[in-house]
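Comments concern the structure below.
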Amino acid sequence: MITAIDTNILIDIFGADPKFGELSVQLLKRCVQEGAIQACEIVWTETATVFGDQNTFLEAIQTLGIEFSPMTEEAALLAAEAWRLYRKKGGKRDRVVADFLIAAHAKTQCDRLLTRDRGFYRNYFESLIVVDPTKTS
């Protein structure tokens, strides 16, 4: 089982978010037990920005056992297709294309996505399996 991880989960964990931090840690631990955890270049970049330097980020991400997984052409094209649909339906630029890239990576290169952003992903990537730490028992 390969789980893609979204930036919001990593920010919860590294920022010790009082509301979601512990939930995210517990679900990440469960996902690690079930297989590999991967982050695409978007998540990698967004998460690295909250650290003071690259080495600290790399140590932290490696401690969690998260692998870097570059996006394929198939994933990029799926993201473009979903973005076009979003804009055609009147979607504003409140959502950035990065969200579409993260979901497309998860759908094409992984088995599921660990995120708290389930509504958006379910609307534009219907068959994507979303694991949400706020919805576990």
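The values are calculated or read from the model by the stated rules, or taken from the named source; none is laboratory data. All of these numbers come straight from a predicted model, not from anything done at the bench. No Cβ is skipped: glycine too gets one built from the backbone with ideal geometry, and neighbour counts run over all protein chains shown.
Among the candidates Leu64, Leu113, Leu78, Leu128, single out the residue that is of a type in the set (A, V, I, L, M, F, W, C) and farther than 24 Å from Asp12 by Cβ.
Leu78
Taking segment 47-102 on its own, how many of its residues are under 26 Å from Glu126 (Cβ atoms), of a type outside the set (A, V, I, L, M, F, W, C) and loosely packed, with under 11 Cβ neighbours inside 10 Å?
Result for segment 47-102: 7.
Considering segment 2-33 alone, what residues qualify as being polar (S, T, N, Q) and out of contact with any Leu (no Cβ under 6 Å at 6 or more places or on another chain)?
Thr7, Asn8, Ser24, Gln26, Gln33
Yes/no per residue for (1) at pLDDT below 95; (2) farther than 21 Å from Lys135 by Cβ:
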| site | (1), (2) |
| --- | --- |
| Ile2 | no, no |
| Leu10 | no, no |
| Trp44 | no, yes |
| Thr56 | no, yes |
| Arg87 | yes, yes |
| Leu113 | no, no |
| Gly119 | yes, no |
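If I ask for residues that are of a type in the set (Gly, Ala, Ser) and either buried (at least 21 other Cβ atoms within 10 Å of the Cβ) or closer than 18 Å to Val32 by Cβ (or both), which ones from segment 103-124 would you list?
Ala103, Ala104, Ala106
This table checks each residue for (1) more than 13 Å from Arg116 (Cα to Cα); (2) not aromatic (Phe, Trp, Tyr).
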{"residue": "Asp12", "(1), (2)": "no, yes"}
{"residue": "Ser24", "(1), (2)": "no, yes"}
{"residue": "Leu28", "(1), (2)": "no, yes"}
{"residue": "Glu34", "(1), (2)": "yes, yes"}
{"residue": "Trp44", "(1), (2)": "yes, no"}
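Just name the residue that is nearest to the chain's Cα centre (by Cα) out of those in segment 5-26 that are in a helix (DSSP H, G or I) and β-branched (Val, Ile, Thr).
The selected residue is Thr7.
Report whether or not Glu73 is without any contact (Cβ under 8 Å) to a residue 12 or more places away in the chain, more than 21 Å from Gly21 (Cβ to Cβ) and not hydrophobic (A, V, I, L, M, F, W, C).
Here the answer is yes, as Glu73 does meet what is asked.
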